[in-house]
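This report refers to the structure that appears directly beneath it.
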Amino acid sequence: MFWLAPFLLFQLQQPLDIPAANPHTTAADIEQGRRLYMGRCAGCHGPTGDGGKGANLASPTLSRAAEDRALYRIIRYGIPDTEMPGSLMDSLELWQTAAFVRSLGRVAVTPVTGNAANGAQIFRTKGACLGCHAMGAEGGRTGPPLAGIGGRRSATHLRAKIENPAADVPHTFRLVTLTTKAGKTLRGIRLNEDTFSIQLRDFSGNPHSVWKDEIAQFSSEKKTNMPAYKGRLTEAELNDLVAYLANEKGAQ
Ligand code: HEC
Ligand code: HEC
């Protein structure tokens, strides 16, 4: 019988056969899932699933997790190349969290009230967002591309970002200033960084890559060069813009 033990242990850690439908969906499971969610997920997805910088989970259908099995895998392994991390819970906890996530989609959430078609106009005209952001093939590259943003960020996060961008500035895209040992000063937006080099784009739009051992002075500011639009756009225009971006699910 001893030979069975390692096999069983392996099975416990890594169910080879993930059931297609969630086997743990009682009220007690959902309650336990709520606790796990508040500790591990609410920071990004918001306590009601629609308020964070993570994707909107308060929706009857999830684009990447239509089926329970897919939802389980996303919670377990995360989504590669995004901020969505994997998590080390056991399979019961994973299912309970999944059950709670599904329950979020059943409660009514603040609807996005704006007019998306108007929002698309504001994006291109009064808002001048294309000056810094790419949307598909058009637009600038000072800020992150916004194609598919509605699938990645909740309407609440989009609204907060547009009204007051300085409140939450990500690590990439910060303003950096550096002086090389040769005496050249560069100022721009951090695009990327690894152990040996840093890449930035200056305000004329030119990309630069600098070896770290050639840098004499370096500073990074928790600042964004995105302007705050609260006050510059009317409430109605802000609603329209959020409706436009929230519907921009992209082709992923
Ligand atoms: C550090 C922030 C962060 C944390 C913590 C986090 N997520 Fe996410 N999550 C994201 C982001 C960002 C996305 C969108 C990824 C993308 O598609 O670009 C996402 C996507 C998802 C999706 C896919 C949504 C869809 O529309 O298909 C699910 C489901 C999900 N998260 C559930 C969870 C659960 C459950 C937890 C807690 C165990 C969690 N997330 C923790 C940031 C986070
Ligand atoms: C002068 C350049 C500039 C303009 C104009 C600008 N942005 Fe930005 N935007 C940025 C930069 C840089 C970032 C990344 C740093 C940050 O998050 O603040 C950013 C970030 C964002 C994000 C967050 C993206 C994410 O992944 O969470 C959204 C949403 C956004 N901008 C929307 C807009 C909209 C809508 C407009 C027009 C009303 C606009 N921006 C105008 C520079 C700009």
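If we count chymotrypsin sites (Phe, Trp or Tyr not before Pro) as exposed when they sit in a DSSP loop and have at most 13 other beta carbons within 10 Å, what is the longest stretch of the chain that avoids them all?
Answer from the scan: 4-195.
For every helix of n ≥ 4 consecutive DSSP H residues, a contribution of -39,500 (n - 2.57) applies; sum these over the chain, divide by its total residues, and give [θ] at 222 nm rounded to the nearest 500 deg cm²/dmol.
-10000 deg cm²/dmol
Pop out the Kirkwood hydrodynamic radius of the chain from its pairwise C-alpha distances, inverse of mean 1/r, in Å to one decimal.
20.8 Å
Would you work out the relative contact order for segment 16-104, in percent, from Cα pairs under 8 angstrom that are 6 or more residues apart?
It rounds to 40 percent for segment 16-104.
Through the Karplus equation 6.51 cos²θ - 1.76 cosθ + 1.60, θ set to phi - 60°, convert the phi angles of segment 19-35 into ³J(HN,Hα) values in whole Hz; use x for Gly and Pro.
Going residue by residue, I get x, 5, 10, 4, x, 10, 10, 6, 4, 5, 4, 5, 5, 5, x, 4, 4 Hz, with x marking Gly and Pro.
Given R₀ = 25 Å, FRET efficiency for residue 128-residue 193 by Cβ-Cβ distance, to 0.05?
0.30
Give a residue-ordered list of calculated ³J(HN,Hα) values for segment 200-215 (Karplus: 6.51 cos²θ - 1.76 cosθ + 1.60, θ = phi - 60°; whole Hz; x for Gly, Pro).
For segment 200-215, the Karplus curve yields 9, 10, 7, 7, 8, x, 7, x, 9, 10, 10, 5, 4, 6, 9, 8 Hz.
Round to the nearest 0.05 the FRET efficiency obtained for residue 87 and residue 249 when R0 = 22 Å and r is the Cβ-Cβ distance.
Between residue 87 and residue 249 the formula returns 0.35.
Please list, in order along segment 64-70, the HN-Hα scalar couplings obtained from phi with the Karplus expression 6.51 cos²θ - 1.76 cosθ + 1.60 (θ = phi - 60°), rounded to whole Hz, x for Gly and Pro.
9, 9, 4, 9, 4, 4, 5
With r as the distance between the Cβ atoms of residue 167 and residue 209 and R0 = 30 Å, compute the FRET efficiency 1/(1 + (r/R0)^6) and round to 0.05.
Calculated value: 0.50.
For Cα pairs less than 8 Å apart in space and 6+ apart in sequence, what is the mean separation divided by the residue count of segment 175-221, i.e. the relative contact order in percent?
Reported as a whole number, the value is 41 percent.
Given the options 92, 241, 104, state which has the largest fluctuation in a GNM of the chain using a 10 Å cut-off (strictly under) for Cα springs.
Judging by the Gaussian network model, the answer is 92.
Every read-out reported here was derived from the displayed coordinates using simple, explicitly stated rules and does not represent laboratory data. Owing to the predicted nature of the structure, the values given are computational and were not obtained by experimental measurement. Ideal geometry is used to build each Cβ from the backbone, glycine not excepted, and the neighbour counts take in all protein chains shown.
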